[in-house]
Amino acid sequence: MLNNYFPQVPDRITFEGKDSKNPLAFKYYDKNRRVGNKTMAEHLRFSVAYWHSFMGTGADLFGAPSFKRTWHSFKSPLDRAKATMEAAFEFFQKLGVEYYCFHDRDIAPEGETFAESCKNLERLVDHAKTLQAETGVKVLWGTANLFSNPIYAQGAATNPNAHVMAYAAAQVKHAIDATHELGGENYVFWGGREGYETLLNTDMKQEQEQLARFLHMAVEYKRTSGFTGQFLLEPKPAEPTKHQYDFDASTALYFLKQYDLIDHFKLNIEANHATLAGHSFEHELAVASAAGKLGSVDANRGDTLLGWDTDQFPTDLYSTTMAMLIILRQNGLGSGGLNFDAKLRRSSVDPLDLFYAHIGGMDAFARGLLIAQKILDDRVLADFVAERYASYRSGIGRDIMSGAVGLNEIEQWLLQNGEPIPQSGRQEMLENLLNSYIQ
Ligand code: XLS
Ligand code: NI
Ligand code: NI
């Protein structure tokens, strides 16, 4: 049992129920409790984001690091990486999450050369393998950091310089290998620098073709290397680049379809990316799910008053309920999960805050799950929605949808049947109904 970095925390955070006042206990997340046909753990598949929680320093654009982490205190980069990994696994184990997600450069330091970076990654992958075996914690997804290194300032796959694109491709090859080696269930592509700053210097069509080629090469490499995890594309409209090509779920789906990649990918939807794109979290989940492409979720939230990716921990029950309704309706996330791509506020300097943040996020989704399951069991929305579209199941509606009639026949039908009678969408009544379930 690892116990070096969070000695004030017991071996395992336990479920104590909603009346508990213990901040280090779950009030709703009871991992073995059955909800519908699965346990809470099976429904929710929680994952910790290595970058925010273990590499994060509290630094922001205006100020130096505010967190003092003992695991960052080692001089040599490799020792620091090992200590960080041990702290991370102690945390996963004590929190009782089964998954984590990582970028190659989170778990291993970048070297002087590409070859040295690859060696560092291999070493840390070995260490992770040992810790995974000891704790039973698994990889939800791995990814490559194609945005921090200054060589990626003008893009990775979409860089105007083929040499840089080649660098990124080779880096992805190693990141897929690392994910494969660690038994990762998915692999994510997030194009933070895949976009443009100004059209004055940009050939947009060329860049999109480069991105498509890049992803095709990854698909081909996946096939030949025997990695069977699901590939996921994570949309985000902007930040760090002004305009990013995978703007939102619709844009990403169109891109995948346009370049014949659609069969090889699903989407990883992040709440705060949805709101940055001017959508709600549930809108993006619904778009992905309707296309049969909702693969995984980055669970976080933004701030309605701030227009950037604040990556806060999710606490809003309306949002978690709406998300779980969509996830339950599609019968779960398959190999995906709920990854807390969320970070502590700069002022939350205590390592204990990492526990409070994750416990709160897990409880918020556990409550969302319970509420959503009850709404589904009671069929209150399902029956209303079915009734709202009932006119398409018979008569002219059925004939329209089956293709039995065209504009000529419809015109004849309309002339005989007169004007339509408006029917209420009952939005306020349904909002009241939702409120009666949120408790
Ligand atoms: C950044 C993204 C990033 C991806 C992984 O906004 O959310 O963290 O999830 O590269
Ligand atoms: Ni993000
Ligand atoms: Ni993300």
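The values are calculated or read from the model by the stated rules, or taken from the named source; none is laboratory data. What you are looking at is a predicted structure, and each value in this text was computed from that prediction instead of being measured. So basically every Cβ, Gly included, is an ideal-geometry build from the backbone, and we count neighbours across all protein chains shown.
Every residue, every condition in (1) farther than 22 Å from residue 309 by Cβ; (2) over 23 Å from the mean Cα position of the chain (by Cα), yes or no:
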site: 165; (1), (2): yes, yes
site: 179; (1), (2): yes, no
site: 192; (1), (2): no, no
site: 206; (1), (2): yes, yes
site: 220; (1), (2): yes, yes
site: 226; (1), (2): yes, yes
site: 232; (1), (2): no, no
site: 238; (1), (2): no, no
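If you scan segment 292-303, which residues turn out to be within 16 Å of ligand 2 (Cβ to nearest atom), charged (D, E, K, R) and crowded, with 19+ Cβ neighbours inside 10 Å? 298, 301, listed by residue number.
Residue 392 fulfils the conditions (1) surrounded by 13 or more Cβ atoms within 10 Å (Cβ to Cβ); (2) free of Cβ contacts under 8 Å to residues at least 12 places away in the same chain; (3) over 30 Å from residue 332 (Cα atoms) except for a single criterion, (3). For residue 270, the criteria (1) of a type outside the set (Ser, Thr, Tyr); (2) buried (at least 21 other Cβ atoms within 10 Å of the Cβ); (3) in contact with a Pro (Cβ under 9 Å, 6 or more places away or on another chain); (4) more than 19 Å from residue 103 (Cβ to Cβ) hold in every case but one, which is (4). Residues in segment 272-291 that are out of contact with any helix residue (DSSP H, G or I) (no Cβ under 7 Å at 6 or more places or on another chain), within 15 Å of ligand 2 (Cβ to nearest atom) and farther than 13 Å from residue 239 by Cβ: 279 only.
The residues of segment 139-182 that are part of a loop (DSSP other than H, G, I, E, B), polar (S, T, N, Q) and under 20 Å from residue 111 (Cα atoms), listed by number, are 145, 148, 149. In segment 218-235, of all residues being more than 16 Å from ligand 2 (Cβ to nearest atom) and within 18 Å of residue 252 (Cα to Cα), the one that is surrounded by the most Cβ atoms within 10 Å (Cβ to Cβ) corresponds to 218. Of the candidates 134, 112, the single residue that is among the charged types (D, E, K, R) and outside any loop (DSSP other than H, G, I, E, B) is 134.
Put simply, of 276, 352 the only residue that is in contact with a Pro (Cβ under 9 Å, 6 or more places away or on another chain) and more than 16 Å from ligand 1 (Cβ to nearest atom) is 352.
Taken over segment 324-346, the criterion of being more than 16 Å from ligand 1 (Cβ to nearest atom) and either under 18 Å from residue 236 (Cβ atoms) or basic (Lys, Arg) (or both) is satisfied by 329, 345, 346.
Among the residues of segment 130-154, the ones that are under 21 Å from residue 336 (Cα atoms), among the hydroxyl-bearing types (Ser, Thr, Tyr) and without any contact (Cβ under 8 Å) to a residue 60 or more places away in the chain come to 1 in all. Is it true that residue 179 is within 16 Å of ligand 1 (Cβ to nearest atom) and either at pLDDT below 95 or among the β-branched types (Val, Ile, Thr) (or both)? Here the answer is yes, as residue 179 does meet what is asked. Selection within segment 260-271: residues that are closer than 18 Å to residue 314 by Cβ and touching a residue at least 40 places away in the same chain (Cβ under 8 Å). The member of this set that is nearest to ligand 3 (Cβ to nearest atom) is 270. From the list 66, 47, 53, the one residue that fits, being in contact (Cβ under 8 Å) with a residue 12 or more places away in the chain and assigned to a loop (DSSP other than H, G, I, E, B), is 66.
Checking 58, 36, 63 one by one, the residue that is more than 16 Å from ligand 1 (Cβ to nearest atom), in contact with a Phe, Trp or Tyr (Cβ under 6 Å, 6 or more places away or on another chain) and not aliphatic (A, V, I, L, M) is 58 and no other.
Residue 239 passes every criterion in (1) touching a helix residue (DSSP H, G or I) at 6+ places or on another chain (Cβ under 8 Å); (2) on the phi < 0 side of the Ramachandran plot apart from (2). The numbered conditions (1) surrounded by fewer than 13 Cβ atoms within 10 Å (Cβ to Cβ); (2) in contact (Cβ under 8 Å) with a residue 40 or more places away in the chain; (3) under 21 Å from residue 431 (Cβ atoms) are all true for residue 384 except (1).
Of the residues in segment 76-88, at least one is in a helix (DSSP H, G or I), of a type in the set (Val, Ile, Thr) and over 16 Å from residue 358 (Cβ atoms).
Every residue, every condition in (1) closer than 30 Å to residue 3 by Cβ; (2) exposed (fewer than 11 other Cβ atoms within 10 Å of the Cβ), yes or no:
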{"site": "332", "(1), (2)": "no, no"}
{"site": "349", "(1), (2)": "yes, no"}
{"site": "407", "(1), (2)": "no, yes"}
{"site": "410", "(1), (2)": "no, no"}
{"site": "438", "(1), (2)": "no, no"}
